[in-house]
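Please read the structure below before turning to the comments.
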Amino acid sequence: MASLQSGGDAAANGVDADVDGAASPPSAKRPRAGAGAAAITDAEVRAEFAHHDRAVARLNNGTFGCCPASVLAARARWQRLFLSQPDAFYFHHLQPGLARSRAAVAAAVGAGDASEVSLVDNVTTAAAIIMQHVAWSFAEGDFARGDVVLMFLYTYCSIKNSIHAYVARAGATVVEVPLPFPVSSPDAIVAEFRAALAVARDGGRRRVRLAVIDHITAMPTVLIPVKELVAICREEGVDKVFVDAAHAVGQVPVDVRDIGADFYASNLHKWFFCPSAVAFIHTRKDDPVSSKLHHPVVSSEYGNGLPMESAWIGVRDYSAQLVVPDVVDFVNRFDGGVEGIRRRNHDKVVEMGTMLAAAWGTFLGTPPEMCGSMLMVGLPGSLGVGSEDDAVGLRTMLRKQFKVEVPLYYNSKAAAADAPPEMVKDGNGDPVTGYVRISHQVYNVREEYEALRDAVAKLVADGFTCSKLRPPEKEETLA
């Protein structure tokens, strides 16, 4: 990821609300990044996230992310500016402010310039934009019925639903890549991808119109060798590649031009400290397809390019998209900026995951190099996680009884066929079917992971199994 710039000092310093072209409301004084500036202290980090419920071990940054108090304050200033004089906000502040946010994103992810970046609510919206275009290509005869869209088995459910709602309905054949889990190396993913692509092409009798590749899968979480898979798509004649990078920015280095996908979309509210909900979609300005993408919410900017269409979809709260420069200021308060945060989060999540696996007699779902700031850790097999319902029930118990918030995953295959023996059973010889997905963000402390460790240890010591959570009729059926 390129070094981060907030996009200039004008908006950071604030301007009068009645000045034409103003880009930002007056800003509260806050620490700024700069040469010789002291790094943020632990006490300041705690203050930035004092609005978190301290009674909860919050180990699930991956789902909803987090937003520091200084950024929330900046958002509130934008909201007050709109409320104080909506017309002036619309005519003088909104578009310059969004342009600065697009420029900050472009600098952060290696885009050619801000014209290649469109701000949207989330990656789900970005997917709808792309799938709408693909569906139109089928409807208008550019694609033939039966042409293929390729996606991962673990593609996020919202993206899968978008593929089926738009593209399969328009006539596409959908082929899934059956990724192995647990996984011991990127080579296994590459092999499965090549095999699925061969099935999709059917000996050259079918065209693969779109490949949807996760940068980091959500559940189970695995860092995908995305650049290599994009290159394979180019070699095999895949028309377009969409990288669903919902979890990527802030977790791993991102250079969209180096990755080389046609479409790259990432959330900024998960790992980049933005409020909910803000994300971006990147397309190269020299790609003709960029002029054919349209926001599914059609408003007055229709036909003026996706960046402008996305910048006005009607009256709504745009403040989350306006504070990206303030987020850049926040991350630059840390030693090493966003890259320093990323490295420390990765090292800590591996350390905490290793501690949990050792305590439970289990293992990590991936090697450390195949994770960012999220990691899968096997649960003791004696817990008897036998279904997705069991995983939900156990997660609910951890939340309500132990005040630990962590997602759980049920692995229906127990282990990939080629998984090494040490990634199949726990230390007691029980098959590992359940996993926790832990996250590490700047606000997390060791005691939170110890709370999870001790909660699971107590359940095991008490002889708990997930069968005790099942309704009687389900327990009889499973028996």
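The values are calculated or read from the model by the stated rules, or taken from the named source; none is laboratory data. Keep in mind the model is a prediction, meaning the values are calculated, not measured. All Cβ positions, glycine included, derive from the backbone under ideal geometry; neighbour counts span all protein chains shown. Protein only, heavy atoms only, side chains kept; ligands, DNA and RNA dropped before computing areas. Shrake-Rupley method; radii C 1.70, N 1.55, O 1.52, S 1.80 Å.
Is the C-alpha gyration tensor of the stretch 337-469 telling us rounded, prolate or oblate? Criteria: a/c under 1.5 is rounded; beyond that, a/b larger than b/c is prolate, otherwise oblate. The shape class here is oblate. Using the 1.4 Å probe convention, the accessible area of the chain works out to 41 Å² per residue with neighbouring protein chains retained. When both the stretch 266-331 and the stretch 45-107 are represented by their alpha-carbon centers, they are found 14 Å apart.
Only the Cβ atoms of Lys and Arg (+1) and of Asp and Glu (-1) were treated as charged; on that basis the dipole of the chain about its Cα centre amounts to roughly 420 debye. Which listed residue (MET397, VAL208, MET219) has the Cα farthest towards the positive end of the charge dipole for the chain, taking +1 on Lys and Arg C-beta and -1 on Asp and Glu C-beta about the Cα centre? With unit charges placed on the Cβ atoms, the residue in question is MET397.
Its Cα centre serving as origin, the stretch 115-208 has a Cβ charge dipole (Lys and Arg +1, Asp and Glu -1) of approximately 320 debye.
The charge dipole of the stretch 98-332, taken about its Cα centre with unit charges on the Cβ atoms of Lys, Arg (+1), Asp and Glu (-1) only, comes to about 440 debye. With every protein chain in place and a 1.4 angstrom probe, the accessible-area ranking of THR354, THR366, THR63, largest first, reads THR354, THR63, THR366. Contact order, relative form, for the chain: 19 percent (alpha carbon pairs under 8 Å, 6 or more residues apart, mean separation divided by residue count). In the chain, the calculated helix contribution to ellipticity at 222 nm averages -11000 deg cm²/dmol per residue, counting -39,500 (n - 2.57) for every DSSP H run with n ≥ 4. Helices in the chain that qualify as membrane-span-like (whole DSSP H runs, Cα extent of at least 18 Å along the helix axis, mean Kyte-Doolittle hydropathy of -0.5 or higher) are 69-84, 94-109, 123-139, 186-201, 337-360, 446-461. Here the stretch 247-338 has 50 percent of its accessible surface on carbon and sulfur atoms, given a 1.4 Å probe and all protein chains in place.
With Rh defined as the Kirkwood radius, the inverse of the mean 1/r over Cα pairs, the Rg/Rh of the chain is 0.98.
Only Cα pairs under 8 Å and 6+ residues apart enter the sum, and on that basis the relative contact order of the stretch 98-332 stands at 25 percent. For GLU388 and ARG145, the FRET efficiency from 1/(1 + (r/R0)^6), where r spans their Cβ atoms and R0 equals 25 Å, is about 0.15. Measuring r between the beta carbons of VAL445 and GLU369 and using R0 = 25 Å, the FRET efficiency lands at 0.50. Using heavy atoms of the protein chains and a probe of 1.4 Å, the accessible area assigned to TRP312 is about 40 Å².
Cross-link check: pairs LYS160/LYS227; LYS240/LYS292; LYS403/LYS458; LYS400/LYS468; LYS413/LYS458 evaluated at a Cα-Cα cut-off of 18 Å; pairs beyond the cut-off: LYS160/LYS227; LYS413/LYS458.
Each label point was placed 7 Å from the Cα along the Cα-to-Cβ direction; for GLU228 and ASP255 their separation is 1.8 nm.
Between the listed residues PHE363, VAL424, TYR410, the Cα displaced farthest toward the positive end of the dipole of the stretch 337-469, a dipole computed from Cβ unit charges relative to the Cα centre, is found at TYR410. Taking only the alpha carbons of the stretch 98-332, we obtain Rg and Dmax values of 17.1, 52 Å in that order.
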